[in-house]
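Student: Sharing a structure here in structure tokens format.
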Amino acid sequence: MLKSNGRLNLVARFLAIYQRTGLRWLVRKSRILKPFPSNLEAKEKLLPDIQGGRPFRQEVSQRIPVENPQRRVAYFTGCMTNYVFQNTGRSVLNVLKENKVEVFIPEQVCCGVPAEASGDEETMLHLAAENVKNSQNYRLTRLLRDCPSCGVALQEYGEKLGTEEAKAFSSKVKDITQFLIQDIELKIPKNNVPVTVTYHDPCHAIRGLKIQKEPRELLKKIPGLSLKEMNGTTQCCGSAGSFNLSYYQLSMQILDKKLNNIRDTGAEVVATACPACEMQIGHGVRKNQLTQKVMHPIELLSQAYLIGGK
């Protein structure tokens, strides 16, 4: 499936239908999955509500122009933003538009992380080559992404493929939070967003990409927002790619420690710059009937701009 966007689109459409037609309610109410092995009934609840009616890249144009752009960038949406967290994608485009950044969304396939994590190096290299080839039509200095797992994979294309094209591709890859803090003069929202936020460091961000301060600097630039650090902010939430599927109970034990630290802050929002962490922590919030919202930092910044616009 990873090699075919068409097949992934079909799966995403089925999941949307499953969630919105009452089929999910029926499956959970009947507990039809309980006899199945490997905690399938519990794992089914990991998937959050899909935020769009169709994949994000089908909702938007390949080019999102702005008047007098200060920069032009490409945007690698990744699978989670494309199929599940479409609000993150919309927020990325809104934030870049507010900052006079023109965006191109090239043709793309999965970054290859799921294949590589499963030991399928051949598929991973195939996907890498496809993404490098699709980027050749865009003469851009930056390729932005909102997922650190994708970021680690994309930045390793040069080493894994060994071609000059792949090395040039990898050299352009940058996290959206880094770009906004390091590459441009960020427009500060005018209106207050009176909310207390705590931040969870994704493993791929802090250990793979060495990103820690940039998401926090973004949050601190939102007027009225209060950032309250939790204990163990750099400790894994238990997602770890497909670890939470392979070892669900153990991943929940790891998550419980994270949720306790979140509760202790009294924060209304948990921000994390990783869709997989967002899915895992969101699952824990729903499972334990907590009140916190789980969001990407870019969503909070986008909300601040939209409030200011009104």
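The values are calculated or read from the model by the stated rules, or taken from the named source; none is laboratory data. Small disclaimer: the values here were computed from a predicted structure and weren't measured. All Cβ positions, even for glycine, are placed from backbone atoms using ideal geometry, and neighbour counts span all protein chains on display. For accessibility, only protein heavy atoms count, side chains too; no ligands or nucleic acids. Shrake-Rupley method; radii C 1.70, N 1.55, O 1.52, S 1.80 Å.
Student: If a residue has to be within 17 Å of His204 (Cα to Cα) and surrounded by 23 or more Cβ atoms within 10 Å (Cβ to Cβ) to count, how many in region 274-290 make the cut?
Tutor: Qualifying residue count for the region: 7.
Student: Could you list all residues from region 133-175 that are free of Cβ contacts under 8 Å to residues at least 40 places away in the same chain, open to solvent by 10 Å² or more (accessible area, probe 1.4 Å), more than 20 Å from Arg71 (Cα to Cα) and of a type in the set (A, V, I, L, M, F, W, C)?
Tutor: Result: Leu161, single match.
Student: If you take the residues in region 109-124 that are assigned to a helix (DSSP H, G or I) and of a type in the set (Asp, Glu), which one is farthest from the chain's Cα centre (by Cα)?
Tutor: Among them, the one singled out is Glu122.
Student: With the structure loaded, tell me whether Ala271 is open to solvent by less than 40 Å² (accessible area, probe 1.4 Å), aliphatic (A, V, I, L, M) and either under 19 Å from Phe85 (Cβ atoms) or touching a strand residue (DSSP E or B) at 6+ places or on another chain (Cβ under 9 Å) (or both) or whether it fails that test.
Tutor: Yes, satisfied.
Student: Could I ask something else about it? Which condition breaks for Ile254 when tested against (1) among the aliphatic types (A, V, I, L, M); (2) in contact (Cβ under 8 Å) with a residue 40 or more places away in the chain; (3) open to solvent by 30 Å² or more (accessible area, probe 1.4 Å)?
Tutor: Here Ile254 clears every test but (2).
Student: Out of everything in region 102-124 that is among the charged types (D, E, K, R) and more than 29 Å from Leu180 (Cβ to Cβ), what residue ends up being most open to solvent (accessible area, probe 1.4 Å)?
Tutor: Restricting to residues being among the charged types (D, E, K, R) and more than 29 Å from Leu180 (Cβ to Cβ), the top hit is Glu122.
Student: Looking at (1) open to solvent by less than 10 Å² (accessible area, probe 1.4 Å); (2) touching an Asp or Glu at 6+ places or on another chain (Cβ under 8 Å); (3) assigned to a helix (DSSP H, G or I), which is the only condition Leu127 fails?
Tutor: That leaves (2) as the condition not met.
Student: Also, I was wondering about something else. Being at pLDDT 95 or above and touching a Pro at 6+ places or on another chain (Cβ under 9 Å) is the filter; apply it to region 237-272 and report the residue that is farthest from Cys147 (Cα to Cα).
Tutor: Restricting to residues being at pLDDT 95 or above and touching a Pro at 6+ places or on another chain (Cβ under 9 Å), the top hit is Ala271.
Student: Out of the residues in region 8-52 meeting the condition of being part of a helix (DSSP H, G or I) and basic (Lys, Arg), tell me which one is most open to solvent (accessible area, probe 1.4 Å).
Tutor: Per the criteria, the residue is Arg13.
Student: Here's a follow-up. Just one of (1) touching a Ser or Thr at 6+ places or on another chain (Cβ under 7 Å); (2) open to solvent by less than 40 Å² (accessible area, probe 1.4 Å); (3) assigned to a loop (DSSP other than H, G, I, E, B) trips up Leu2, so point out which.
Tutor: Leu2 satisfies all of (1) touching a Ser or Thr at 6+ places or on another chain (Cβ under 7 Å); (2) open to solvent by less than 40 Å² (accessible area, probe 1.4 Å); (3) assigned to a loop (DSSP other than H, G, I, E, B) except (2).
Student: Can you tell me which of (1) over 30 Å from Gly284 (Cα atoms); (2) in contact with a strand residue (DSSP E or B) (Cβ under 9 Å, 6 or more places away or on another chain); (3) part of a helix (DSSP H, G or I); (4) open to solvent by less than 50 Å² (accessible area, probe 1.4 Å) is the one Gln182 doesn't meet?
Tutor: Checking Gln182 against (1) over 30 Å from Gly284 (Cα atoms); (2) in contact with a strand residue (DSSP E or B) (Cβ under 9 Å, 6 or more places away or on another chain); (3) part of a helix (DSSP H, G or I); (4) open to solvent by less than 50 Å² (accessible area, probe 1.4 Å), the one that fails is (4).
Student: Checking Leu144 against (1) touching a strand residue (DSSP E or B) at 6+ places or on another chain (Cβ under 8 Å); (2) part of a helix (DSSP H, G or I); (3) closer than 30 Å to Glu122 by Cβ, which test does it fail?
Tutor: (2)
Student: Evaluate the following for Asn260: is it open to solvent by 30 Å² or more (accessible area, probe 1.4 Å) and part of a helix (DSSP H, G or I)?
Tutor: yes
Student: If you don't mind, another one. State the number of residues belonging to region 74-101 that are in a helix (DSSP H, G or I), open to solvent by less than 10 Å² (accessible area, probe 1.4 Å) and touching a strand residue (DSSP E or B) at 6+ places or on another chain (Cβ under 7 Å).
Tutor: The number of residues fulfilling the criteria is 3.
Student: Ok, one more. Would you call Pro189 in a loop (DSSP other than H, G, I, E, B) and either acidic (Asp, Glu) or free of Cβ contacts under 8 Å to residues at least 60 places away in the same chain (or both)?
Tutor: no
Student: Looking at (1) farther than 30 Å from Glu185 by Cβ; (2) open to solvent by less than 60 Å² (accessible area, probe 1.4 Å); (3) part of a loop (DSSP other than H, G, I, E, B), which is the only condition Gln235 fails?
Tutor: Of (1) farther than 30 Å from Glu185 by Cβ; (2) open to solvent by less than 60 Å² (accessible area, probe 1.4 Å); (3) part of a loop (DSSP other than H, G, I, E, B), only one is false for Gln235: (2).
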